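The values are calculated or read from the model by the stated rules, or taken from the named source; none is laboratory data. For clarity, every value in this text was computed on a predicted model and none was experimentally measured. Methodologically, a virtual Cβ is constructed for each residue, glycine included, from the backbone with ideal geometry; neighbour enumeration extends over all protein chains shown.
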Amino acid sequence: MAEAQVKHHDYHLVDPSPWPVVGSISAFIMAVGAIGWMHHMYAAAPIVFGIGTIGVLYTMASWWGDVIREAQYKGDHTRVVQISHRYGMILFIASEVMFFVAWFWAFFNSALFPADAVHATRDAVFGCGAGTAMGACSVPGTWPPHGIETFDPWHLPLLNTLLLLTSGTTVTWAHHALLENDRQGLKYGLILTIVLGACFTCVQAYEYAHAAFGFSGNIYGATFFMATGFHGFHVLVGTIFLTVCLIRAYAGHFTPTQHLGFEFAANSPLGTGTSSTWCGCSCSSASMSGSTARKPWRTARISRKPL
């Protein structure tokens, strides 16, 4: 009977786990609470949201703890299993690329073709709303929209881009230190990367707090905050990933030949220097922040002809 439990293959047959069900229920509770809170549907909405959030966080910690035990102590993540993990990470990064392509496409479509009829129709149907200066929709074919004061691209956007690029060098240092089995270099590199990521988040929060335009009411604000906001969220998540890696490094985890979790965290949104996707995303975000010379474009010159 004991012989039947011996594994004679390199694949990992996952044990039954409660976390998918627990996580789904917790996410549903969190969503119900968030919707009720935003729409002021019932007084207990913040409590419901908090319960759901706690459930999601508990699921994340427990589930990822199981994965760490499988990799670190049980030896379930063989070379064959790691290949599947790498394919999954590649597909995830590819989906993230297309996710941000959509937001930048929306921004540059409006920036390069402001005189298109679709933009005038959108303004006529939805108006300019809150967050836009009076008369912002009164000048068709103008970019940025009339009344929008953009950020100076050589100020905070440039600083944040440099912070991300520098974090890429420090996380690369940590990775090479791990490959050389330099535990102190691994820890120092991770600490510096986490500090840089936290600084980026603080600078972006300050930038948002002092923005002269809002999210709603204009296509510039909507695309700017969606693209840079999601990018900032990814950096925050990457910072958390690397913080977990730092804790694991102090616990003695990772070896020069077995550190797939670290590689995935290093190639997360914070590892800008190791992923051209996030470098381009950061630089494009800076260009979105930049003040463009406002002038009305001639419709005959800039409008696209129908196919």
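Run down Arg248, Arg298 and say which single residue is of a type in the set (Lys, Arg), out of contact with any Pro (no Cβ under 7 Å at 6 or more places or on another chain) and modelled with pLDDT of 90 or more.
On the way: Arg298 fails: modelled with pLDDT of 90 or more.
After applying the criteria, what remains is Arg248.
Say we look at segment 62-74 and pick out the residues that are surrounded by 12 or more Cβ atoms within 10 Å (Cβ to Cβ) and either in contact with a strand residue (DSSP E or B) (Cβ under 9 Å, 6 or more places away or on another chain) or small (Gly, Ala, Ser) (or both); which of these is farthest from Val21 (Cα to Cα)?
Looking at the filtered set, the residue picked out is Gln72.
Restricting to segment 24-39, count the residues that are more than 11 Å from Thr53 (Cβ to Cβ), within 23 Å of the chain's Cα centre (by Cα) and surrounded by 14 or more Cβ atoms within 10 Å (Cβ to Cβ).
Counting residues in segment 24-39 that are more than 11 Å from Thr53 (Cβ to Cβ), within 23 Å of the chain's Cα centre (by Cα) and surrounded by 14 or more Cβ atoms within 10 Å (Cβ to Cβ) gives 0.
Starting from residues that are under 10 Å from Thr201 (Cα atoms) and hydrophobic (A, V, I, L, M, F, W, C), keep the ones in segment 212-239 and report whichever is surrounded by the fewest Cβ atoms within 10 Å (Cβ to Cβ).
Phe233
Could you please find all residues in segment 177-204 being of a type in the set (Val, Ile, Thr) and free of Cβ contacts under 8 Å to residues at least 60 places away in the same chain?
Ile191, Ile194, Val195, Thr201, Val203
Report every pair of residues separated by at least 6 positions or lying on different chains whose Cβ atoms are under 6 Å apart, first residue within segment 206-217 and within 21 Å of His146 (Cβ to Cβ), second of a type in the set (A, V, I, L, M).
The qualifying pairs are Phe213/Ile148; Ser216/Ala130; Gly217/Ala130.
Name the single residue, out of those in segment 108-120 being at pLDDT 70 or above and assigned to a helix (DSSP H, G or I), that is nearest to the chain's Cα centre (by Cα).
Phe108
Among the residues that make up segment 198-205, is at least one of them surrounded by 15 or more Cβ atoms within 10 Å (Cβ to Cβ) and of a type in the set (Val, Ile, Thr)?
There is at least one residue in segment 198-205 that is surrounded by 15 or more Cβ atoms within 10 Å (Cβ to Cβ) and of a type in the set (Val, Ile, Thr).
Each row is one residue, and each column tells you yes or no for (1) modelled with pLDDT under 90; (2) assigned to a helix (DSSP H, G or I); (3) in the same structural domain as Ile25 (by TED's automatic domain parsing).
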{"position": "Phe49", "(1), (2), (3)": "no, yes, yes"}
{"position": "Ile54", "(1), (2), (3)": "no, yes, yes"}
{"position": "Leu57", "(1), (2), (3)": "no, yes, yes"}
{"position": "Ser62", "(1), (2), (3)": "no, yes, yes"}
{"position": "Ala71", "(1), (2), (3)": "yes, yes, yes"}
{"position": "Ser95", "(1), (2), (3)": "no, yes, no"}
